[in-house]
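The values are calculated or read from the model by the stated rules, or taken from the named source; none is laboratory data. Keep in mind that what you see is a predicted model, and the values were worked out from it rather than measured. Every residue, glycine among them, receives a Cβ derived from its backbone with ideal geometry; neighbour counts consider all protein chains shown.
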Amino acid sequence: MGHVADGGREGAVAAGSVEADEHLIRESEKIAVALGRMFPGLCEVVLHDLRDPNHAIRAIENNLSGREVGDSVTELGLARIEDPDYPSVIQNYPNQFPDGRPAKSTSIGIKNAAGEYIAALCLNLDVSVLSPVTLALSNLVATDTEHREQPLETLRDRTARELRRAVEALAAERGATPRSLSREDKKALVRQLHRDGYFDSRDAAQTIADLLGVSRATVYNYAR
């Protein structure tokens, strides 16, 4: 009777493990579908059931490779089946679709509670679509190297609030408040502001004078 009972328990455990594995793969299938639909025409997402390597593809979303549900596992999948210590994530490796288009791929192995690989979630990004876009963007943001020595202009408004923050920050570097700075430190601060382009805005000199507790004429004198 004991052997029968033990056999029954083992059978129940095995059935429970199979059910748990199947639940894990069904949940992974939801992720595969969602990821594929987020990047239509761009990223193929494939879920492999490694328990059945000859008919491994469980789901394929946004199909770019021409494979079908029920097709066999890839070499990477076989490597995981044979070696539980195989890396769980292989990320951003170069790949190629059957028609020759270049791809960037990521493969994520999924283990069950026993530490066995039972599935793999694979993403294959069609980089041939992105290459022209990348080239166009690089041309768009390229700047003329002839004028790199110094900026031709600054593309932000030197507002009074920004100027005040700059003055306070420069004074703090010297361990003081703007008004408590020495004459030489005030002169150095004004010259730094001048080099940074803060005098380009209207009323900048008066704002600096008010912050330092000096006259506007003194600010211009310091800036020379």
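Among the residues of the stretch 58-69, is any among the aliphatic types (A, V, I, L, M) and in contact with a Leu (Cβ under 8 Å, 6 or more places away or on another chain)? So far as the stretch 58-69 goes, yes, one or more of its residues are among the aliphatic types (A, V, I, L, M) and in contact with a Leu (Cβ under 8 Å, 6 or more places away or on another chain).
Scan the stretch 101-124 for residues that are of a type in the set (A, V, I, L, M, F, W, C), surrounded by fewer than 19 Cβ atoms within 10 Å (Cβ to Cβ) and either in contact (Cβ under 8 Å) with a residue 24 or more places away in the chain or in contact with a Lys or Arg (Cβ under 9 Å, 6 or more places away or on another chain) (or both) and the total you get is 2. The set of residues from the stretch 194-208 being assigned to a helix (DSSP H, G or I), modelled with pLDDT under 90 and surrounded by 15 or more Cβ atoms within 10 Å (Cβ to Cβ) comprises 194, 198, 199, 204, 205, 207.
Collect the residues in the stretch 66-100 that are outside any loop (DSSP other than H, G, I, E, B), surrounded by 15 or more Cβ atoms within 10 Å (Cβ to Cβ) and not aliphatic (A, V, I, L, M), keeping them in residue-number order. Once the filter is applied, which keeps residues that are outside any loop (DSSP other than H, G, I, E, B), surrounded by 15 or more Cβ atoms within 10 Å (Cβ to Cβ) and not aliphatic (A, V, I, L, M), the stretch 66-100 yields 77, 80, 95.
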